[in-house]
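Visitor: Supplied in structure tokens, the structure appears directly below.
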Amino acid sequence: MDLSNAELQDLSGKLGSDCPCFVLDRPQIATGRGDVLEPVELDLKGYYLKLINPGIHINTTEAYSEIVLSEQKESIQKVIIRPIVEWKSHLFNSFETSVFKNYPELEKLKTSLYNQGALYASMTGSGSSLYGIYVNEPSKSNGNLFERIVKL
């Protein structure tokens, strides 16, 4: 059965409001509930991505009820055209403030990504996974974390 991208996005939206972004193989900025997608130009070829899932369950309702919105001075579209090393000062995940307060080990993991040479690091969505973007291949962490390193 051949389905169009629009049909696939519609079906995947029934799995979760933020699932349609995975249908197209290209960077997109999601707004709304994660279901309004805008393609963007972003080339990370040659960089390394390290993804860590510490196995901590973050209750989504709790995360949303405690969110502290950070003041975004520039739009994401403007920030991502800057060099990646500048993202740290301009691109924020608003969930981090409250989630890190409740789960300080996640903030330590983010700090460790920077200590290992990440140009940029962040928590994904409402947590608990984190990622770092690197110029050089990072080493695996010690511990019982699920992690994956890929060259983009």
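Visitor: Quickly run through the stretch 1-20 and pick out the residues that are closer than 16 Å to G125 by Cβ and either outside any helix (DSSP H, G or I) or open to solvent by 70 Å² or more (accessible area, probe 1.4 Å) (or both).
Guide: Matches in the stretch 1-20: L15, G16, S17, D18, C19.
Visitor: Follow-up question, since we're still on this one. Out of all the residues in the stretch 124-138, which are of a type in the set (S, T, Y), open to solvent by 40 Å² or more (accessible area, probe 1.4 Å) and assigned to a loop (DSSP other than H, G, I, E, B)? Can you show your working first?
Guide: Looking only at the stretch 124-138, we keep the residues that are of a type in the set (S, T, Y), and these are 124, 126, 128-129, 131, 134.
Filter once more, keeping what is open to solvent by 40 Å² or more (accessible area, probe 1.4 Å): 124, 131.
Hit for the stretch 124-138 is T124, nothing else.
Visitor: Moving on. Could you tell me whether any residue of the stretch 29-37 is within 16 Å of the chain's Cα centre (by Cα) and among the charged types (D, E, K, R)?
Guide: Within the stretch 29-37 (the criterion being within 16 Å of the chain's Cα centre (by Cα) and among the charged types (D, E, K, R)), the answer is yes, since at least one residue qualifies.
Visitor: Here's another thing I want to ask about it. Can we say G132 is of a type outside the set (F, W, Y) and at positive phi? Talk me through it step by step, then tell me what you get.
Guide: Numbers: of a type outside the set (F, W, Y): yes; at positive phi: no.
Spelling it out, it is not the case that G132 is of a type outside the set (F, W, Y) and at positive phi.
Visitor: State yes or no: is S112 more than 23 Å from V40 (Cα to Cα) and either within 14 Å of the chain's Cα centre (by Cα) or among the polar types (S, T, N, Q) (or both)? I'd like the intermediate steps shown before the answer.
Guide: On the way: more than 23 Å from V40 (Cα to Cα): yes; either within 14 Å of the chain's Cα centre (by Cα) or among the polar types (S, T, N, Q) (or both): yes.
Yes: the conditions hold for S112.
The values are calculated or read from the model by the stated rules, or taken from the named source; none is laboratory data. These numbers were taken from a predicted model, which means no experiment stands behind them. Don't worry about glycine lacking a Cβ; one is built from the backbone with ideal geometry, like all the others, and counts go over all protein chains shown. With ligands, DNA and RNA removed, areas are computed over all heavy atoms of the protein, side chains included. Shrake-Rupley method; radii C 1.70, N 1.55, O 1.52, S 1.80 Å.
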